[in-house]
1. Kindly indicate which of G421, G448 is assigned to a loop (DSSP other than H, G, I, E, B), touching a residue at least 60 places away in the same chain (Cβ under 8 Å), open to solvent by less than 20 Å² (accessible area, probe 1.4 Å) and within 26 Å of F212 (Cα to Cα).
2. Could we say that D295 is of a type in the set (D, E, K, R), farther than 22 Å from T480 by Cα and touching a residue at least 24 places away in the same chain (Cβ under 8 Å) here?
3. Looking at segment 212-269 only, could you name the residues that are part of a helix (DSSP H, G or I) and of a type in the set (D, E)?
4. (1) part of a loop (DSSP other than H, G, I, E, B); (2) in contact (Cβ under 8 Å) with a residue 40 or more places away in the chain; (3) among the hydroxyl-bearing types (S, T, Y): which one isn't true of T209, the others all being true?
5. Can you tell me which of (1) touching a strand residue (DSSP E or B) at 6+ places or on another chain (Cβ under 9 Å); (2) at positive phi; (3) open to solvent by 50 Å² or more (accessible area, probe 1.4 Å) is the one G393 doesn't meet?
6. So which residues in segment 283-303 are farther than 30 Å from D336 by Cα and either in contact with a Pro (Cβ under 9 Å, 6 or more places away or on another chain) or assigned to a strand (DSSP E or B) (or both)?
7. Just checking, does segment 168-186 include any residue being open to solvent by 20 Å² or more (accessible area, probe 1.4 Å) and of a type in the set (A, V, I, L, M, F, W, C)?
8. Could you check S440 against (1) open to solvent by less than 50 Å² (accessible area, probe 1.4 Å); (2) more than 30 Å from D191 (Cα to Cα); (3) polar (S, T, N, Q); (4) modelled with pLDDT of 95 or more and say which number it fails?
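The values are calculated or read from the model by the stated rules, or taken from the named source; none is laboratory data. The model shown is predicted, which means the values in this text are computed figures rather than measured ones. Cβ placement follows ideal geometry from the backbone for every residue including glycine, while neighbour counts extend to all protein chains displayed. Heavy atoms of the whole protein, side chains included, go into the accessibility calculation; ligands, DNA and RNA do not. Shrake-Rupley method; radii C 1.70, N 1.55, O 1.52, S 1.80 Å.
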Amino acid sequence: MTSANTYTFLTDLTINYSSPADPASSVKLSLSDWHSIEKDLYLHQADQGARLQVTQAKPGELTSEDQVIVEVTVGKPPSVTDPESLWEGRPGGIWIRRSEYTGEGQQAVTGIDILFGTDAVDPRPQWHLLPEPLQLDHAPSKTPIARLTIRRGRPRPKLERPMLRAREDGSLKIVQISDTHMVTGVGSCNDAIDAEGKPLPESEADPLTVEFIGSILDVEKPDLVILTGDQLHHDILDSQTTLFKVVAPIIERAVPWAAAFGNHDSEGDHALSRHAQMALYQELPFSLCEPGPKDVYGVGNYYLQIYSNTMSDIPSSTLYLLDSHGQINADTQDPDYEAIQQSQIDWFVNTSQTLRQDRESTGSKKARHISLVYFHIPFPEFADDSKLTRIGGKRREPTEGPTINTHFYDALVQEGVAAVGAGHDHVNDFCAQIKDAEHSPWLCYNGGTGFGGYCSYDENRYYRRTRVWELNTSSGTLSTWKRLEYQEQRVDQQELVGDGKIVTPRGRSSSDQDEL
């Protein structure tokens, strides 16, 4: 995204087709004059390519004799009531209108991009997604439609990073969303069920996911949303379009949010890298995302701090997000996954200890402080039921995680972490502690939120769900519950921390009386 200080005005645009045959409407372009928007309009699904090409100029390079694009539309020629409002046709059903450059304040087109699919959205400020698709030659019928999105005027500076501060009653609510598994286009869901648990026919997946996320946000009205991986399905055709759909309902409700990556987010020949996706996340409204230190393995190892409602500058809670990486080839297990690495563990321990020293240096040594950790793939301690006391949920599938144990759990114990929130295994949604441990962080699954990912196991189908966390900076408490499809009430509400101390479970909860 162009910054507010460096931007350009668009002066012309066209579509350039590549082999095997250039349509007659194609324009032979000089690379010195034209800039290519590096997205194949066919999403690599055709035996030829097509790209949007633009010419552009910085404000200081333009004079009043130059023309800039002030309007763009796609489809039928616009009706012209003003004889001086001349529209010019371009390939793909594009129409542009140009006028003389009048200065930096002119509300002309300063940005253009392509998103894909009937359900595409553009949550960026000042951007407007055109409703009509480009009219491309020989486009494959099942390829998500290409749509132009434009920005007019000088881009506004990015909003300041929101500060996380508790409400007047000391509470702060977090909605965790995991495994949305969105795609480019509407996607497909083949294991949904109705309110009575009866199987539903195959349906479009992503619109259901967006609707479900929106309904949870409207009910819970959280102060923060944390995405814990597999926002994107594997083999995504256009990562930008897809991740925009994931975060749009959050941005629409002006809720701060942060994200960690899962194993699928950057899988596939055409998927954007984690670094590229993180750069997109960082530019979006209400984002708290960070790539993390360069010398720490992975992308997205960072922390957030929560402050009380008393305007104190001493944080009462710290939230850590980590990259849990992806699938690897191994002889011991298929699939196997890369474990959290030592540089990440060292970063976590050093950061935790530094933040603690900072708090103690301000005279708050005895103050309650709750630390939480979020990532995607569960580590081995989630797996062994013989060592766990589970409450408030079910194990419906085996834990699928790394075979190598790098003992990140031990670092969490050492640093007094209260709870961990993971995703990945879509139909597991319990919280658990290691039995007979002196200090055992709660290990909690979110369960699958998205309709594009599986939500069935052994021929049994389950409801999509999210996990809600509520901290209280005044009382030093932490509770959690789940929100499920068709359920108006909270499910499996549990107190995990009381008066600043981790609560020890008395046994498995009986609140999940049926296969929710």
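1. Only one candidate qualifies: G448.
2. Judged against the criteria, D295 is a match.
3. D218, E220, E252, listed by residue number.
4. (1)
5. (3)
6. Within segment 283-303, L284, P285, F286, S287, L288 meet the criteria.
7. Checking segment 168-186: at least one residue is open to solvent by 20 Å² or more (accessible area, probe 1.4 Å) and of a type in the set (A, V, I, L, M, F, W, C).
8. (4)
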